[in-house]
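Notes follow the structure.
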Amino acid sequence: MFEIPDASPEPKQLVLNWHIAEACNYSCKYCYASWDVTEGGRDLIRDHKRTTSLLTALFEFFRPENLAHPLRSRMTWSGVRLNFAGGEPLLFSRELEAAVLTSNTIGFDVSLITNGSRLTPQLMSRLAPRLSLLGLSIDSMSMETNASIGRVDRQGRQVDLEELSEMVRLGRRLNPAMRVKLNTVVNRLNQADDLTPLIRQFAPDRWKVLRMLPVRGRQLEVSDDQFDSFVARHRQLGEILCAEDNLDMTESYLMIDPQGRFFQNEPATNGRGYMYSQPILEVGVAKAFNQIAFNPQRFAARYAGLPPVEVQ
């Protein structure tokens with residue numbers, strides 16, 4: 001098995017991932033962004049007052065100065081980054097921009113994961129100065145492969161990778177401190193691809209290669225050999241490549257769903273979905289956090305080695 005060297009044991013930042021909505025303009029067949037909705041449940045991002053309450057509570061609980069935090073005995077961190085994800089968060093660009101501004105004001109570093117299809121120069125000009133990291137989900141250079149995966153909207157449109165790379169260059173000019181990360185999900189349809197030219201074109205600070213996680217189904221699952229071969233094929237990019245197998249992803253992310261609940265993958269990645277806490281705004285961050293499993297060692301192994309970043 002091809003292995004990426006272990007990172008240092010402690011992360012520089014604690015990273016919270018808030019999936020603000022399930023909605024997306026694409027329909028990737030491996031997508032894990034599908035959450036159980038409670039009766040009367042509504043995405044918090046649509047309510048600015050409740051969004052602000054959630055963000056304030058999260059920062060107060062996870063800020064480095066909170067010495068009473070239950071993780072303090074097992075790990076340390078110097079800052080907190082809030083990562084906005086989806087679905088596709090830019091479908092809610094107005095609400096997202098307001099939440100990003102609020103997060104900056106509260107004290108979070110902020111990052112965003114997007115498929116890039118809704119990025120415009122105008123939106124980039126407003127977001128980039130407030131982001132410490134921009135993440136882009138790209139699975140293939142092939143239009144046919146992307147279409148088979150589901151990276152296409154109802155009108156048959158795909159993201160133009162040339163235009164997206166120019167958008168990245170614009171973001172870097174607007175905020176030289178903003179780091180760029182690419183995410184690629186290795187699945188049955190792209191496992192034989194060589195993405196080296198694409199990665200060199202975007203020149204990301206980090207390339208995360210994730211093995212398809214069978215949270216909702218196994219139709220595009222890859223074998224150990226297929227995943228290892230994909231990673232080995234890109235070994236020359238080892239300085240920026242970070243490979244995550246299924247076990248690496250289990251209980252190693254701090255994740256919040258659109259309704260404001262902590263959630264985690266089922267333990268054996270057995271395709272049955274997620275486990276949830278009670279809503280954070282109903283029971284408080286501390287109680288909700290204690291209701292989900294979390295593995296600090298796996299978390300630290302993923303986020304260690306990332307240098308601290310500053311929002312200009």
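The values are calculated or read from the model by the stated rules, or taken from the named source; none is laboratory data. Just so it is clear, the structure is predicted and the values come from calculations on it, not from any experiment. Positions of Cβ are backbone-derived with ideal geometry, glycine not excepted, and every protein chain shown enters the neighbour counts.
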Practice item. Determine the pairs where a residue that is under 30 Å from F92 (Cα atoms), located within the stretch 1-24, has a partner that is at pLDDT below 80 and of a type in the set (F, W, Y) with Cβ atoms under 7 Å apart, the partner being 6 or more residues away or on another chain. Key: Q13/Y303; V15/Y303
Check your understanding: What single numbered condition from (1) surrounded by fewer than 18 Cβ atoms within 10 Å (Cβ to Cβ); (2) free of Cβ contacts under 8 Å to residues at least 40 places away in the same chain; (3) touching a helix residue (DSSP H, G or I) at 6+ places or on another chain (Cβ under 6 Å); (4) of a type in the set (A, V, I, L, M, F, W, C) fails to hold for L170?
Key -> (2)
Practice item. Of the conditions (1) buried (at least 22 other Cβ atoms within 10 Å of the Cβ); (2) at positive phi, L127 clears all except one; give me its number. Key: (2)
Point to revise | Where a residue in the stretch 71-90 is closer than 12 Å to L254 by Cβ and its partner, wherever it lies, is of a type in the set (K, R), with Cβ under 8 Å and at least six apart | key: W77/K12; V80/R63
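Yes or no, residue by residue, for (1) assigned to a helix (DSSP H, G or I); (2) surrounded by 17 or more Cβ atoms within 10 Å (Cβ to Cβ); (3) without any contact (Cβ under 8 Å) to a residue 40 or more places away in the chain:
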position	(1), (2), (3)
A177	no, no, no
K181	no, yes, no
T184	no, yes, no
L189	no, yes, no
L198	yes, yes, no
W207	no, yes, yes
L210	no, yes, yes
Study note, to complete from the structure: The strands (runs of 3 or more DSSP E) lying wholly within the stretch 78-175 that contain at least 1 residues that are hydroxyl-bearing (S, T, Y) are 109-114, 133-137
**Study point:** Qualifying residues in the stretch 25-46 (those that are closer than 26 Å to Q155 by Cα and of a type in the set (G, A, S)) - the one modelled with the highest pLDDT
**Key:** S27
Study note, to complete from the structure: Those helices (runs of 4 or more DSSP H) completely within the stretch 216-303 that have 2 or more residues that are at pLDDT 95 or above and closer than 30 Å to L54 by Cα are 280-283, 285-289
